[in-house]
Amino acid sequence: MKKLLKAFKGYHNLLFLDFEGTQFSHEMIAYGAIFVSIDKNGKVKKKKEAIKKYVKAKNQVGKFVENLTGISDFDLRRYGVSFAQALKDLKKYCGINFKKTIFITFGPHDMRILNQSHSYNLDADKDILNIIKKNYLDFQGFISEFIKDDNNNPLSLSHYLNIFGIEFDGKVHDPKYDAINLEILYEQFMEKKDVVTSEYNKVLANKNNLPAPIGKVVKKLASGENVTAEEFQTYLKDYIN
């Protein structure tokens, strides 16, 4: 898709990310990531093995998040690294292409976790943070332009996968599997253009914020009907008069 490739700024490296955060302070407690290289058409050429890291937080995980993710304060004390170290490890995982990588998450909350974690850890490398923020893409925000539910709302990661006939692989809210499945969704989106076209047809047919004459034309075209120039002029006259 040309629009998505344009958002990649000509870069050919993508890092699919998922962050889990504490219940109240929204500090990072874990991240999952998978690094891929793409060709000029956006097709995945090569993947690294996905990783998962625990990250120590200044505040407690919280019972709700512990039940949701299976991550406890004990896990962070035993296996976690500092936020500053977590960023360094992420940069090392990307390798020499770190500065020319697009960082992709599902939804904007991951960036909130990144910012909140930095506010509690001012010793973290700002250059690493700035590169991530500069080259960041919210894939949920992007895909929801073309695929939505019947009420024109974005879908969950699992539901988007289902649209393409794919079941979520692994445990939901495990950051490693969330990142892996986000990468799978990207590949499905890029490969199954017929599915995207069909779903976008539905989105256009359900749009309610178009000017009335244009809305009538779009709804007819989306349902497979033809609209003549004369019909469009009739819609315009009816709307104006």
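Readers should treat all values here as calculations from the given coordinates under stated rules, not as data from a laboratory. Because the structure is predicted, anything quoted here is derived from the model rather than measured. Counting neighbours? That spans all protein chains shown, and the Cβs are built from the backbone with ideal geometry, glycine included.
Phi angles across the range 80-93 convert, under the Karplus curve 6.51 cos²θ - 1.76 cosθ + 1.60 with θ = phi - 60°, into 3J(HN,Hα) values of x, 10, 5, 4, 4, 5, 4, 5, 5, 5, 5, 4, 5, 4 Hz, Gly and Pro given as x.
Each of [x] 134; [y] 155; [z] 113 is a candidate for volume of the Cα convex hull per residue in Å³; the one calculated from this structure is [y]. Listed by chain and number, the aspartates and glutamates whose C-alpha is less than 16 Å from the C-alpha of LYS45, apart from same-chain residues fewer than 8 away, are GLU183, GLU187, GLU191.
Legend: residue pairs LYS43/LYS192; LYS56/LYS91; LYS3/LYS237; LYS6/LYS53; LYS46/LYS192, Cα-Cα distance threshold 23 Å; pairs beyond threshold, LYS3/LYS237; LYS6/LYS53.
In terms of the mean number of neighbouring beta-carbon atoms within 10 Å, the peptides 235-241, 122-128 order highest first as 122-128, 235-241. Rounded to the nearest 20 debye, the dipole magnitude of the chain is 960 debye, with +1 charges on Lys and Arg beta carbons, -1 on Asp and Glu beta carbons, and the Cα centre as origin.
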